[in-house]
Amino acid sequence: MVKVIAWNLEIQAGRKQAVIVNGNSCFSKVGVQGGEQEVSFGNGCIHKGIMMHELMHAVGFWHEQSRSDRDYWVDIIWDNVQDGKEHNFIKYSQTEVDTLGAPYDYGSLMHYSATSFSKNSLPTVVNRIPTDEVMGQRGGFSTTDVQKINQLYSCHMPVGWSAWSAWGPCDHTCTKTRQRFCSHPRGCSGHDTETQNCPWPCLVGVHPDCGSSFLGGPIGEIKSPMYPQNYPNFVNCKWLINATGTEPITISFNAFSLEESFFGCVYDFVKVYDGADERAPLLGTYCGETNPPDLTSSGDQMFITFSSDSSRNETGFFIEYSSVQMLADCDFDTDMCNFFQDGSDNFDWTRHQGSTPS
């Protein structure tokens, strides 16, 4: 139990301060803003973990699931979120929410619980990696929380610039960002943010579940995210096939199940282009439960996209591609079964009729 001695406790940071007040609920802005900032502890807020959570906001920390890389670690189940509360699950860029090079922390004091802002008691946040950590715990700092606070305020470093944080993930503009922090009361010369273009290959806006966006080799396969389980909401996948075989690319849909629409494929759909991007000729747009026909490119590249919304999810698709001649059943009775003579060697194939000696 936390006993509050006075409601005008002040947290001072340089010339700025946060003032704790007995407000209507538990809240704080992120980082001390202006000359004075209120941190409110109303009814139901006087618990150690809740107060520590709000004070971490005051010293500059967002919710853990607001990180730019959160889609690798959790799924937000939007259909279960209370109407008007969607803003609580916004994902921010690395520039807005620096990860400080720390790994994603399910056990952070700043993480939401599985059912935060749920309208039906069903999960709103689902961990994608099995974990023993309790999401939404309010027992106290996690080890990573402590490390991040120390790093943000250079608690174990000389006054001045901190070390640069690790580079964040590539964002939707194919750029990555890192930051450093100044602990000198009079400021530091220089800039606190660096941005770099991500190395090629990088496709803008591709969902992390899509896997590799660039495929090569004479043969290969493409699966929808999570296949054979249902694909997630709001995915945006792009695959460029750069074939290295001797023939144009042929793709075959071995399995196909996407949400169907009676007004054309407007909800979940696959598009196939005869070329390197979406400016190439469109070979077809597909949805529903029927396997699309085999498609063949005119050259050595084929571009495939997949998009989904949040209305209904299906198992998706499994595509195989090939850029080599696929031999059919052949017994050499009439021809060489697609084998050919190499004019640069000193050995030739010949066909014979009759029995074959052992």
**Residue within the range 100-111 that is acidic (Asp, Glu), touching a residue at least 12 places away in the same chain (Cβ under 8 Å) and more than 23 Å from Phe27 (Cα to Cα) present** = no
**Asked** When only residues in the range 194-239 that are of a type in the set (Asp, Glu) and more than 16 Å from the chain's Cα centre (by Cα) count, which is nearest to Glu259 (Cα to Cα)?
**Response** Glu221
**Prompt:** Which of the residues spanning the range 299-358 are at pLDDT 70 or above, farther than 30 Å from Tyr267 by Cβ and among the aliphatic types (A, V, I, L, M)?
**Reply:** Val324, Met336
**Identity of the residue in the range 216-229, open to solvent by less than 30 Å² (accessible area, probe 1.4 Å) and in contact with a strand residue (DSSP E or B) (Cβ under 6 Å, 6 or more places away or on another chain), that ends up farthest from Pro248 (Cα to Cα)** = Ser224
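Here's the yes/no breakdown for (1) open to solvent by less than 20 Å² (accessible area, probe 1.4 Å); (2) more than 22 Å from Ser183 (Cα to Cα); (3) in contact with a Pro (Cβ under 9 Å, 6 or more places away or on another chain); (4) in contact (Cβ under 8 Å) with a residue 40 or more places away in the chain:
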{"residue": "Asn43", "(1), (2), (3), (4)": "no, yes, no, no"}
{"residue": "Met56", "(1), (2), (3), (4)": "yes, no, no, yes"}
{"residue": "Gly60", "(1), (2), (3), (4)": "no, no, no, yes"}
{"residue": "His63", "(1), (2), (3), (4)": "no, yes, no, yes"}
{"residue": "Tyr72", "(1), (2), (3), (4)": "no, yes, yes, yes"}
{"residue": "Gln82", "(1), (2), (3), (4)": "no, yes, no, no"}
{"residue": "Lys85", "(1), (2), (3), (4)": "no, yes, no, no"}
{"residue": "Val97", "(1), (2), (3), (4)": "yes, no, no, no"}
**Request:** Could you run through the range 230-243 and say how many residues are farther than 22 Å from Gln301 by Cα and either among the aromatic types (Phe, Trp, Tyr) or in a strand (DSSP E or B) (or both)?
**Result:** 2
**Message:** Of everything in the range 200-229, what is out of contact with any Leu (no Cβ under 9 Å at 6 or more places or on another chain), part of a loop (DSSP other than H, G, I, E, B) and modelled with pLDDT of 75 or more? Give them in sequence order.
**Reply:** Val206, Gly211, Ser212, Gly216, Gly217, Pro218, Pro225, Met226, Tyr227, Pro228, Gln229
**Message:** Looking at Asn88 and the list (1) out of contact with any strand residue (DSSP E or B) (no Cβ under 9 Å at 6 or more places or on another chain); (2) on the phi < 0 side of the Ramachandran plot, which single condition is not satisfied?
**Reply:** (1)
**Complete:** Taking first residues from the range 140-152 that are at pLDDT 85 or above and second residues anywhere that are open to solvent by less than 60 Å² (accessible area, probe 1.4 Å) and among the small types (Gly, Ala, Ser), the pairs with Cβ under 7 Å that are 6 or more apart or on different chains are Gly140/Gly49; Ser142/Gly107; Ser142/Ser108; Thr144/Ala102; Thr144/Ser108; Asp145/Ser108; Gln147/Ala102; Lys148/Ala102
**Item:** Selection from the range 24-51 of residues that are modelled with pLDDT under 85 and part of a loop (DSSP other than H, G, I, E, B)
**Value:** Asn24, Gly31, Val32, Gln33, Gly34, Gly35
**Prompt:** Would you say Asp83 is assigned to a loop (DSSP other than H, G, I, E, B) and either under 20 Å from Ile149 (Cβ atoms) or among the hydrophobic types (A, V, I, L, M, F, W, C) (or both)?
**Reply:** no
**Prompt:** Taking Val21 and the conditions (1) at pLDDT 85 or above; (2) open to solvent by less than 30 Å² (accessible area, probe 1.4 Å), which numbered condition does it fall short on, given that it satisfies the others?
**Reply:** (2)
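The values are calculated or read from the model by the stated rules, or taken from the named source; none is laboratory data. What you are looking at is a predicted structure, and each value in this text was computed from that prediction instead of being measured. Reconstructed Cβ throughout: ideal geometry from the backbone, glycine too, with neighbour counts over all protein chains shown. Surface areas here come from the heavy atoms of the whole protein model, side chains and all, with no ligands, DNA or RNA. Shrake-Rupley method; radii C 1.70, N 1.55, O 1.52, S 1.80 Å.
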